Amino acid sequence: MSAGSQIASEPRWFKSSYSGANTTECLECAYVVSGTLIRDSKRSSGPVVSVGSGAWRCFIGAISAHDHERRLGESSARPYSTH
């Protein structure tokens, strides 16, 4: 998700660049002072999950590491870690 860190009074939502043509099953994110907000793109007025900055960095780091391993051909990638 490459929208850069933005802090605004009104959240600016963005979709993952991995969403591609699949517009029916997508999450949107918005950066806020306290961390990151996540919602279902189909239900923009629905519930929102708030994730703290540290937890978000850990999550993105785990996804990036897993993606990197997959690209190197390590199909037996280790499970995500919460450390």
Test: C26 is among the hydrophobic types (A, V, I, L, M, F, W, C) and modelled with pLDDT under 90 | yes
Could you grab the pairs with beta carbons closer than 6 Å, sequence gap of 6+ or different chains, first residue in region 49-70 and closer than 13 Å to I38 by Cα, second one surrounded by 13 or more Cβ atoms within 10 Å (Cβ to Cβ) and among the aliphatic types (A, V, I, L, M)?
-> V49/I38; S50/L37
Considering only region 46-83, state which residues are at pLDDT below 90 and not in a helix (DSSP H, G or I).
-> L72, G73, E74, S75, S76, A77, R78, P79, Y80, S81, T82, H83
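The values are calculated or read from the model by the stated rules, or taken from the named source; none is laboratory data. Computed from a predicted model, the values in this text were never measured in an experiment. Don't worry about glycine lacking a Cβ; one is built from the backbone with ideal geometry, like all the others, and counts go over all protein chains shown.
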